[in-house]
Amino acid sequence: MRKNNTNGVTSNPKVLHGKACIKGTRIPVYLVLQMLSGGQSKNQILKEYPQLKEEDINSAIEYGAHLATQEIELQF
């Protein structure tokens, strides 16, 4: 099992209303995850957001995976 790598993710109430963002940017984690789930490759995301590094995308994925392990009640 790999070490959890969420160091590249931060949350600040003064930035995007506290939504989790890639550290040092105003790019929300959910946007990166939506792009990946929509079929964009890491390389495509890096071209669209040149301020990101591959490790930033990996941190977003790890953060999403961590959240998926949390017990929450889904409402449909």
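Since every read-out is calculated from the coordinates, none of them should be taken as a lab result. What you see is a predicted model; the values in this text were computed from it and never measured. Please note: Cβ atoms are built from the backbone with ideal geometry, for glycine as well, and neighbour counts cover all protein chains shown.
Of note:
- Our helix-only sum for the chain, with -39,500 (n - 2.57) per DSSP H run of n ≥ 4 divided by its residues, gives a mean residue ellipticity at 222 nm of -12000 deg cm²/dmol.
- ARG26-LEU74 FRET efficiency (beta carbon distance; Förster radius 22 Å; 0.05 resolution): 0.20
- Rounded tilt (10° steps) of 54-68 against the dominant C-alpha axis of the chain: 10
- Normalised alpha carbon radius of gyration of the chain [divisor 2.2 N^0.38 Å]: 1.12
- Lysine pair number, Cα distance threshold 21 Å (strictly under), the chain, separation 8 or more or different chains: 9
- Positive minus negative residues near ASN43 (Lys, Arg vs Asp, Glu; Cβ under 15 Å): -1
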